[in-house]
Amino acid sequence: MGKHVVAPVTDFPQGARRRIEVDGRGIVVFNVKGEYFALLDKCPHNGGSLAQGVITGLLQSDEPGKYSYSRQGEVIRCPWHGWEFDIRTGKSFCSGIRARARPFPVHVEGGGAIVEGPYRAETFPVRVEDSYVVVDA
Amino acid sequence: MTERPADIVDCDIHPAVRSMADLDPWLERRWIEHFRQYGALRNQHYVAGGGYHKSQPNASRRDAYPPEGGPQGSSLPFLRSQHLDQNGITVGILNPLISSQGVRNLQHSAALCRAINHWQAERWVDSEPRLRASIVVPYEDPEASAVEIGRWAGDRRFAQVLLLSRTSFPTGNKRYWPIFAAAAEANLPVGIHAFGNSGWPVSSAGWPSFYLEEMVGHAQTSQSGLVSLVVEGVFERWPALKLVLIESGFTWAPALMARLDRDWAILKSEVPHLRLKPSEYIRRNVWWTSQPLDEPDNKRWLGDIFSWLGWDRLMFSSDYPHWDFDDPARAIMFPAGDDDRARFFAANARFVYGFA
Amino acid sequence: MQIDCDIHPGTPGTAALFAYLPQAWREMSEVRGITDLASINYPDNTPLTARADWRPASGRPATTAALIGAQCLDAFGSDLGILNPLFGIQTLYSDDLAAVYASALNDWTRAEFLERDKRLRASIVVSLENIEMAVAEIERLAADRRFVQVLVLAGSARPLGRRNHWPLYEACVRHQLALAIHAGSELRNPPTALGWPSYYLEDYVANAQAFQVQLTSLFAEGVFNKFPTLRVVMLESGWTWLPPLLWRMSKYWHGLRFEIPWADRSPAEVVRDQVRFSLTPADAPADPARLQRLFEHLGSDELLLFSTDYPHAQFEGAEAYPPGIDGALRDKIGGANVLAAYPRLNEAAP
C-alpha cells in the first residue's frame, strides 16, 4: 500500500468525484459534503465502473406506500445494473446482497506529504499552500 | 473469471437511431410527414414511450453514451470500441427495438420496418464485418411480413427474422403462419425478442404496478408464446424451422417442458395434430439466448439448468447497451468444460444462424 | 397424519344452491335461466376435469360428501381434507349477483359437506368484484373454524398484490385464515398476456404463468411486509417453476430496489416464511435424481402440502407423489407442513 494523490482540494468540490488508476486498478474518490471517500472502481456485482454511476439519496420504506428519503448525495448507483452502495462504507443497500464495494481509506494531507499519484511526476512543483487529497492504495 | 473465449457470437445487440429522422433516406415523403403529425401509433401510453418507465434512461447503461453524442447504441464507432473490441465479440447480431413492429397503422408499420432493415444493412452491417442484422417485420400484418422477408431472403447481411414477444394473439396462432412459412422458405431462423405491446395487460392477471414486475414478467410472456408455437403446431408444420427466444430467460424452460408434456399426455385428444411430445419439439426447434442470466445464490444451480436444457441449446447474448447487460467474461461462473463453453459462446450460434 | 389440501366438491348446477339463496335471487335465477356457473376453467368432459374412475355414469363428479369420503379420503388414507369449490361465481360481473352466489356456495359447502363428514374443512369462496362485500362474507363465516382459508383465482382482474385487495388480507390475518390462490381465471383478462389461446391445453398450462405473476406481485407490492403473518397457499399451481422465478425476481430486485424500498427480505426468504404450494400437479422431472437436485434449488422441505386434486386427473392409481419423495419427507408434506400452514387445523375438532 502507498499514498496516491488524487486531486487538489480546491479542484475537488462537494458532490464531485475523481478517478485514479493504481497498478491497473481504478479507484474512484467522492467528495460527500466535504468528506472524502474512495471505492474500488469496480462494482462487486459484475464489474461495472462505479465512477460512471449516478449519485443519489437513499429511498427507504417501513411500509408499502410510505417513503422516507435521506442521505442525499451519499449513494452511488452502478451504471450497469443499478446496485446501490453507501459511498461512506461501500455497503450495498439491498438486504439480500452480501457484496460490498471495496472501500479504501481516504484522508486529506497537507501539501508536503505527497508521495505519488496521477500527478505522478515527482518533478511537479508542490504547492504547499494548497491541500491535496491523497489516497492510500 | 476465466480466460476469454477466442470466438464469441453475441446474439443480442441493440442499435439505436439518434432520432427517427435517421430513417428518412428510406421512407417515402408521406410517411415522414405522417410520423411528424401522428407519431407511430402503438399500444403504448405515452408519446415518449411505454407504460412502465425504465430504471435508467433508454433502459441502458449510463456509461454507454457515445462520446460524440446521441443515445446509447447509436454510434457504430463506440459500439466497436466499448463492446465489440473490448469484449472480443467476433460476430454480433443486431436486434433493433425501434418503433416499427406493433405499430397499429399496418402500412406505417411496414414502411418503418422496411426503412429499419435498410438502415441496419447500410449504416451498420456494410461498415462492420462482425455485424449481422435481423429482418424486422410488421408481424400484425403477416402477409406484409412475408413480403418483407422475401425482400431480404438470401441477403447474407441478415441472420434471422425478428418478432417481438408480446404479439396481439399468441405467437403460434394461425394468423401468423405466413411469417413462419416465409422464414422457412428463406431458410432463416425466427428470433422472438422480449417486449412489444400486445394491447392486452402485460400479465394474465392484469396490469402490475412496477417496472420490476414487467421485467420479471417477460419470463411468463415468453413461456406463453412458446407454448402457443408448440401447441398450435408451428414446429409440426415446419420441422426444420429454428426458433430463438431472445432476452426471454431460459431457466424456466425445464419446468415448463415437464408441465407441457404432462398436460399434453392428459389432453392430447384435443391436439391430434401434434405427433411428438411438446418437449421433443422444443428440443428440436428451439434455442435460447442467455441474457438476462438469473442469479441464484449458488451459481452451480445455473449450471444445472444448462445441463438439463442441454449445452447445445443456449447461446451467449449481451443485450448491449441495456442496463441488465451480461458481460461475456462473467457469463459462465460455474464449472464448465471447454467444449461446452465453446458451444455456448459461439458454435451453437454459428450452427443456428449458418455463420461459417 | 395426512391432510389433503385440494379437493373439489362438484356443484351440479345453480339449482343445487337454491336452498341457500334468498327467495328473490332464486326466482331471479329461474326467471332468467341462470342454470349453471361452471366456468371454462374446467369444461365438464375433458380428460383432466375428472379421472375416469371418479367420473359417475352421469352428471358431475364429487357431488356428495360420501363420494369424497370414500374415493378421496379413504382411498388415499387422508385424515382430513380441504374443499376448494370451483363453481365459477368469480366470473359473474355484477357485484351483487356474485356476492349472493358466493354466499350460497359457501353455505352449500357447509351444509352438504362439512356437516356430513367431520374430516372435511373448506375455503371461503369470494368474488373480488367488490372487496367490501368479500370482506363481509369472510366476517360472516369466520367464526366457523372449519373454514381454513379464503379462496381466489390465479387469473385475477388485477394482480393480487395490489392495494385494493388489502382489506381482504387484513380480514384473513384477523381471523387466522390463509389466502388460497387456486388455478383458474376470472376471465377478466385473457389466459395469457398475448391474448386468447386456441386450445384448452394452453389455457391450463397458462395457470403456471399466472401463479408466477401473482407471486411476483405479492412480493413487489409488499404484501408480505404489510402482512407478515399472512400465509399464502398456491393450489394446483405446480411448484417446479419456483426456483428459477425466485432467481429472476432476486436479480431484478437488486437493481430495482428503489422501486420497492419496503422489501426487506429476499424473494426466497418470503416464500420460505409465508408461501406454500400444494403437491399436485407436481410437474416433476421423471428422473428422481433431478427431483432431488430441484429440492436443493428450493432450499426447503417445508414448502409442499399434500394434495390429490381430486377429482381432477393428474395421476393414475393411488400414488399421488411423484417418484423420488421418500417416507420422512412424505410425513412432513402430509402432516407437519400442512398444520404449519393452517393455524385453524391445529385447533380441536369443532
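Among the conditions (1) open to solvent by less than 20 Å² (accessible area, probe 1.4 Å); (2) within 25 Å of B:Val227 (Cβ to Cβ); (3) within 11 Å of chain C (Cβ to nearest Cβ); (4) modelled with pLDDT of 95 or more, the only one that B:Leu245 does not satisfy is (3).
If we keep just the residues of the stretch B:110-128 that are under 20 Å from B:Ala153 (Cα atoms) and without any contact (Cβ under 8 Å) to a residue 60 or more places away in the chain, which is most open to solvent (accessible area, probe 1.4 Å)? Reasoning before the result, please.
Pass one, the stretch B:110-128, residues under 20 Å from B:Ala153 (Cα atoms): B:110-126.
If we keep only those that are without any contact (Cβ under 8 Å) to a residue 60 or more places away in the chain too, we end up with B:110, B:113, B:117, B:121-122, B:125-126.
Values: B:Ala110: 29, B:Cys113: 0, B:Asn117: 0, B:Ala121: 0, B:Glu122: 71, B:Val125: 17, B:Asp126: 92 Å².
Looking at the filtered set, the residue picked out is B:Asp126.
Restricting attention to the stretch C:259-273 and to residues that are among the hydrophobic types (A, V, I, L, M, F, W, C) and at the interface with chain B (Cβ under 8 Å from one of its Cβ atoms), the residue that is surrounded by the fewest Cβ atoms within 10 Å (Cβ to Cβ) turns out to be C:Ala268. Taking first residues from the stretch A:1-24 that are over 24 Å from A:Gly73 (Cβ atoms) and partners that are modelled with pLDDT of 90 or more and of a type outside the set (A, V, I, L, M), the Cβ contacts under 9 Å between residues at least 6 apart in sequence or on separate chains come to A:Glu21/A:Asp41.
If the condition is being open to solvent by 10 Å² or more (accessible area, probe 1.4 Å) and either in contact (Cβ under 8 Å) with a residue 40 or more places away in the chain or within 18 Å of the chain's Cα centre (by Cα) (or both), then the stretch B:129-141 contributes B:Arg130, B:Arg132, B:Glu140. For C:Gly184, the requirement of being on the phi > 0 side of the Ramachandran plot, crowded, with 24+ Cβ neighbours inside 10 Å and more than 14 Å from chain A (Cβ to nearest Cβ) is met. Yes or no: C:Tyr310 out of contact with any helix residue (DSSP H, G or I) (no Cβ under 7 Å at 6 or more places or on another chain), crowded, with 19+ Cβ neighbours inside 10 Å, within 20 Å of C:Gly81 (Cα to Cα) and hydroxyl-bearing (Ser, Thr, Tyr)? No; evaluated as a whole, the condition is false for this residue.
Taking the stretch A:6-25 as the range and being hydrophobic (A, V, I, L, M, F, W, C) and not in a strand (DSSP E or B) as the test, the residues that pass are A:Val9, A:Phe12, A:Ala16. The residue of the stretch B:51-87 that is nearest to B:Val216 (Cα to Cα), among those that are free of Cβ contacts under 8 Å to residues at least 40 places away in the same chain and open to solvent by 70 Å² or more (accessible area, probe 1.4 Å), is B:Tyr65.
Specify which of the listed residues (C:Pro190, C:Pro243, C:Pro228) is open to solvent by 10 Å² or more (accessible area, probe 1.4 Å) and modelled with pLDDT of 95 or more. Talk me through it step by step, then tell me what you get.
Numbers: C:Pro190 fails: open to solvent by 10 Å² or more (accessible area, probe 1.4 Å); C:Pro243 fails: open to solvent by 10 Å² or more (accessible area, probe 1.4 Å).
Of the residues listed, the single one that is open to solvent by 10 Å² or more (accessible area, probe 1.4 Å) and modelled with pLDDT of 95 or more is C:Pro228.
Pairs are defined by a Cβ separation below 9 Å, a sequence spacing of at least 6 or placement on different chains, a first member in the stretch C:192-204 that is within 7 Å of chain B (Cβ to nearest Cβ), and a second member that is open to solvent by less than 20 Å² (accessible area, probe 1.4 Å) and part of a strand (DSSP E or B); the pairs so defined are C:Ala193/B:Ser203; C:Glu202/C:Thr192; C:Tyr204/C:Ala183.
Would you confirm whether any residue within the stretch B:228-238 is under 16 Å from the mean Cα position of the chain (by Cα), more than 9 Å from chain C (Cβ to nearest Cβ) and part of a helix (DSSP H, G or I)? Yes, the stretch B:228-238 has at least one match.
Residues being of a type in the set (Val, Ile, Thr) and either open to solvent by less than 20 Å² (accessible area, probe 1.4 Å) or not in a helix (DSSP H, G or I) (or both): count how many of those fall in the stretch C:92-144.
5
The values are calculated or read from the model by the stated rules, or taken from the named source; none is laboratory data. Since we're looking at a predicted model, the values are computed, not measured. Every residue, glycine as well, gets a Cβ built from its backbone with ideal geometry; the counts of neighbours run over all protein chains shown. For accessibility, only protein heavy atoms count, side chains too; no ligands or nucleic acids. Shrake-Rupley method; radii C 1.70, N 1.55, O 1.52, S 1.80 Å.
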